[in-house]
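Comments concern the structure below.
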Amino acid sequence: MNREDGIREKALQLGYEDCGIIRVGALAGYRDKLEERISRIPMGEKIYGRFRGYADPSAANPAIKSIVVAIVPGYRYNVPAEFDGVYGKAYMFDSRTDENAPFFRIRKEFAAFLESLGLKCTLGEGHGIPAPARWAAYQAGLGTIRRNNFFYTEKGSHNRIEMLAVDGELELIRDVKLKDCSESCGKCIEACPTHTLCAPYTMSMIGCISFQTNLSATMGMGVPSPEMTEQIGGRLYGCDACQDACPHNKGRWTGGEEFPGLDALAPSMRPENIMKASYDEIGGTLGRKYWYIGPENLWKWKLNALTVMMNGYREKYAAPIKLGLEDANENVRNFARSVCSRLGIEH
């Protein structure tokens, strides 16, 4: 068994679904795809221009010669019924900052194995190396990118792509052959609540509910328009609509395992409790796991909670909604007033 095959064998032993290895130069084609995306959507430069450096991570770190790409299976966890369609599944089962999660430990064990082979392994700062994960997995032959822009393996799109950069010249290209999307299928496009997925492979990130409920605050777009507020519906953090509608995901979510710590976190994830919590409490619970909302924008959590309670109003929500009227953050206060006015809650 050569070194590349040994690396894949170890990845499978650790629990990854599959593993391939690409030379860093294989990422170059990402640049053309990115420029095409930038040219096709409004505000393309502002939204996607910052990702140009992803096409060559070795420019910032010359030690990077190859990238080991491994697939983390997310579909094996049980989805809590009360949060299905409320929190995006990819976020609920993200292990990158969750020390209780199996793949938080596995990632480090895999890196240690690569080091034991005499390779210098780079995991990247924060949440991974600055490289295009879906493009890397595609170049590694691990699956395909479908019309909803998500990466699919034989098990569907509910996965996370792990990238570990190494200083050795390695290559292991898999040959996973998947049936193409039907030209007549538009289920993902039809399912998009905001219609931002408007054509195959075409969307503007700022119109996506996942972006609107987390990263928008970082880009100064934290208060959604009335139309967007209605389209968000009962989604508090993230959106799975286009993936759930995809025929290639039908029957792929197997479940069977409990994700560590999710039951204990559940009370903090409920919208009424978010309104009752202090910002320190939100930062210590939700902020640690759902890290796309940074510590400087924790008010966004209350905005999201107010949106969900407004769109699915029940009498028990009146009191927590009114808590927003006295919130320390002006955005929350103003939004709570508009919610009370819309629902006829005395304030």
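The values are calculated or read from the model by the stated rules, or taken from the named source; none is laboratory data. What you are looking at is a predicted structure, and each value in this text was computed from that prediction instead of being measured. A quick note on method: Cβ atoms are made from the backbone with ideal geometry, for glycine too, and the neighbour counts reach across all protein chains shown.
For this structure, a couple of remarks:
- Residues located in segment 70-115, provided they are among the charged types (D, E, K, R), closer than 30 Å to Glu272 by Cβ and at pLDDT 95 or above: Glu82, Asp84, Lys89
- Matching helices (runs of 4 or more DSSP H) fully within segment 160-233 where at least 2 residues are touching a residue at least 40 places away in the same chain (Cβ under 8 Å): 187-191, 226-232
- Tabulated pairs, segment 108-127, first outside the structural domain of Leu12 (by TED's automatic domain parsing), second modelled with pLDDT under 95, C-beta under 8 angstrom, 6+ apart or interchain: none
- Among residues of segment 288-314 that are more than 16 Å from Phe211 (Cα to Cα), those with a beta-carbon under 9 Å from a residue that is of a type in the set (D, E, K, R) and part of a helix (DSSP H, G or I) at least six positions away or on a different chain give the pairs Met309/Glu272; Met310/Arg342; Asn311/Glu230.
So that you can scan it fast, the table gives a plain yes or no per residue for (1) in contact with a Pro (Cβ under 8 Å, 6 or more places away or on another chain); (2) buried (at least 17 other Cβ atoms within 10 Å of the Cβ):
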site	(1), (2)
Thr307	yes, yes
Glu315	no, no
Ile321	no, yes
Gly324	no, yes
Asn331	no, yes
Gly344	no, no
His347	no, no
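- Scanning segment 250-259 for residues being over 19 Å from Val86 (Cα atoms) and within 19 Å of the chain's Cα centre (by Cα) gives a total of 1.
- Residue that is surrounded by the most Cβ atoms within 10 Å (Cβ to Cβ), among those in segment 147-184 that are charged (D, E, K, R) and closer than 21 Å to Arg3 by Cα: Glu162
- Subset tally (residues that are part of a helix (DSSP H, G or I), touching a helix residue (DSSP H, G or I) at 6+ places or on another chain (Cβ under 6 Å) and not polar (S, T, N, Q)) for segment 297-332: 17
- Just one of the listed residues (Gly168, Gly118, Gly141, Gly128) is at pLDDT below 95 and more than 30 Å from Met228 (Cα to Cα), namely Gly128.
- Of all residues in segment 58-86 being among the β-branched types (Val, Ile, Thr) and in contact with a Phe, Trp or Tyr (Cβ under 9 Å, 6 or more places away or on another chain), the one that is farthest from Lys108 (Cα to Cα): Val86
- Failed condition for Trp291, given (1) surrounded by fewer than 17 Cβ atoms within 10 Å (Cβ to Cβ); (2) at pLDDT below 95: (1)
- For segment 85-144, taking the residues that are within 30 Å of Gly233 (Cα to Cα) and among the β-branched types (Val, Ile, Thr), the one that is surrounded by the fewest Cβ atoms within 10 Å (Cβ to Cβ) is identified as Thr97.
- With respect to the conditions (1) more than 29 Å from Phe113 (Cβ to Cβ); (2) at pLDDT 95 or above, Asp175 falls short on a single one, namely (1).
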